[in-house]
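Please treat every number below as a calculation from the coordinates, not as lab data. Note that the coordinates shown come from a computational prediction; the quantities given were computed from them, not determined experimentally. Here Cβ is always computed from backbone atoms with ideal geometry, including for glycine, and neighbour counts include all displayed protein chains.
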């Protein structure tokens, strides 16, 4: 599993606690990587989480599951990168998206993923789907 925009590492830690064997966190902020490592250690999962700046991530990195809880702008701008991290048939889940922005984000993923109906709670949305191919 890849946590794209891992921030504090909360999604990565939760994934491990729920049964994921290993999670790779990617973030543009070196402080976020330090926070992810620290939080992983505090939760006893430091051996199952690796974190990288985008420029340092392993070449050819792909996963069966990619999660991203980041803003709509980066989800649109980085859609080729995010889709490239996903294996064919893999699942993508993106959250942190306002309901007014969900459709514009989904447009960037429709050609390469079979999208689920957009899930909405209050004014927040989740966009998820399976990569074609």
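Laid out as a table, the results:
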| item | result |
| --- | --- |
| Search result, residues across segment 40-74 that are touching a helix residue (DSSP H, G or I) at 6+ places or on another chain (Cβ under 6 Å), in a helix (DSSP H, G or I), more than 23 Å from residue 124 (Cβ to Cβ) and in contact (Cβ under 8 Å) with a residue 24 or more places away in the chain | 40, 48 |
| Candidates 11, 86, 33, 113 - the one that is over 26 Å from residue 132 (Cβ atoms) and within 16 Å of the chain's Cα centre (by Cα) | 33 |
| Boolean, residue 7 is in contact with a strand residue (DSSP E or B) (Cβ under 9 Å, 6 or more places away or on another chain), crowded, with 17+ Cβ neighbours inside 10 Å and within 23 Å of residue 125 (Cα to Cα) | yes |
| Conditions (1) touching a strand residue (DSSP E or B) at 6+ places or on another chain (Cβ under 7 Å); (2) farther than 15 Å from residue 5 by Cβ; number of the one not met by residue 75 | (2) |
| Extreme residue, surrounded by the fewest Cβ atoms within 10 Å (Cβ to Cβ), among residues of segment 11-30 that are in contact with a helix residue (DSSP H, G or I) (Cβ under 7 Å, 6 or more places away or on another chain) and part of a helix (DSSP H, G or I) | 16 |
| Residue 51 under 27 Å from residue 112 (Cβ atoms) and surrounded by 18 or more Cβ atoms within 10 Å (Cβ to Cβ) | yes |
